[in-house]
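In what follows, a single structure is set out as structure tokens and then discussed.
The values are calculated or read from the model by the stated rules, or taken from the named source; none is laboratory data. Model, not experiment: these values are computed from the prediction. In this analysis, Cβ positions are derived from the backbone assuming ideal geometry, glycine residues included, and neighbour counts consider all displayed protein chains.
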Amino acid sequence: MSRSRLLAVGAAVLVVVVIIALMLLRRGGDAAAEPDATPTAVVTVAPVRAGTLHDVVSVYGVVTADPAAVMTVAAPKQVIVQRVLVRTGQTVAAGQPVIEVMSAPAAELAYRQAADAAAFARADLARVQRLYDERLAANDQLETARKALADANAALSAQQKQGGGRSSQALTAPAAGVVTNIAQAPGDHVAQDAPLVVLARSGGEAVKLGLEPGGRFAPGQPVTIRPVAGGAPIQSRLTMVGRAADQTTKTIDAVAPLNGAPWAIGAGVQGDVVTGAHAGMVVPRAAVVFDETGPHLFTVAGGKAHRVFVQVGLDHGDDIEVKGPLQAGALVAVEGAYELQDGMAVKVRGK
């Protein structure tokens, strides 16, 4: 066999060996890659649920006294404040003293003038009565004297109801409530009818919420109210929705009663107002994956996960509203959803 023929045969054998080696390497590589190409994740699933969903708007506000439940302890006459017996935020009982005052000099003078006028009117009536009995005074003079005494006694009675004749007096709460404001301090000279202490009647607390203008808000709408600092929510309804925006906050005031909840006046609250309803679909919040590709979830069918991009809406408790190419009743991955990829093989836990 010639040298050239030997070289040709050797080259052919070498080519066959190389081809066989490449085929073996490829088969081995495919076998090694197969577990990674078809990984299996264990997930829990939940159905897509369709139904009527509430349109909820979250707003914020504070606990306040309902205007209809505000009580004011006012100065019955011109007084000087001696002692303040309560503090802001304190709960008081009906009839409990809240402030001590003493008559101002002008009030003392007014009482003395009323007492003197009444005494003079009594004496004058007695004088006219004697003259009338002696036929020295006419009937109209007697009637005039009687009216003068009646007017003087009424003026004196008014002074006495205001505390006239008492240099010091304690003013009391007209009903059980909470002190919301102390308007005066010891030593202040206060005019008649000026506020001294302001109270909110017990059980008359409400929340004042700030609504964004242009919303579909109306009296009677349900609202869930919860303290910002944490605590159990209560159910209420809007009883008033204003029509003028606050010049500072640019929001519209709305009021909802607390229905007796013992929350501190001035505490911050969140209100979830139901403004309407619409048809929609919800899934567990944990089923929605948020990443750089956009919100999506994975439906599970035929042992595989299929990625579906969605638009998310409002939270509804533990669920969240979604919009996308979904069918009610379709199963979506919940626990383990963040580990999935489109087309990945999955195993449902418990099956």
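Remarks
- Subset of segment 212-234 (residues that are without any contact (Cβ under 8 Å) to a residue 60 or more places away in the chain and closer than 23 Å to residue 178 by Cβ): 223, 225, 226, 227, 229, 230, 231, 232, 233, 234
- Within segment 269-283, the residues that satisfy the criterion of being over 15 Å from residue 324 (Cα atoms), surrounded by 13 or more Cβ atoms within 10 Å (Cβ to Cβ) and not charged (D, E, K, R) are 269, 270, 271, 273, 274, 275.
- Within the set 226, 216, the sole residue that is assigned to a strand (DSSP E or B) and either assigned by TED's automatic domain parsing to the domain that holds residue 54 or surrounded by 14 or more Cβ atoms within 10 Å (Cβ to Cβ) (or both) turns out to be 226.
- Each residue in segment 289-306 was checked for being surrounded by fewer than 18 Cβ atoms within 10 Å (Cβ to Cβ) and in contact with a Leu (Cβ under 8 Å, 6 or more places away or on another chain), and 1 of them qualify.
- Checking each residue in segment 163-189 for being assigned to a loop (DSSP other than H, G, I, E, B) and under 30 Å from residue 261 (Cβ atoms) picks out 173, 174, 175, 176, 183.
- Candidate set from segment 246-262 (those that are crowded, with 16+ Cβ neighbours inside 10 Å and at pLDDT 85 or above); member that is nearest to residue 230 (Cα to Cα): 258
- Where strands (runs of 3 or more DSSP E) sit wholly within segment 42-108, those with at least 2 residues that are among the aliphatic types (A, V, I, L, M) and farther than 27 Å from residue 234 by Cα occupy 45-47, 70-74, 79-84, 97-103.
- The residues on offer are 135, 146, and the sole one that is assigned to a helix (DSSP H, G or I) and out of contact with any Gly (no Cβ under 7 Å at 6 or more places or on another chain) is 146.
- Residues of segment 269-326 satisfying the condition of being assigned to a loop (DSSP other than H, G, I, E, B) and touching a residue at least 60 places away in the same chain (Cβ under 8 Å): 326
- Test: residue in segment 312-329 that is closer than 14 Å to residue 41 by Cβ and in contact with an Asp or Glu (Cβ under 9 Å, 6 or more places away or on another chain): no
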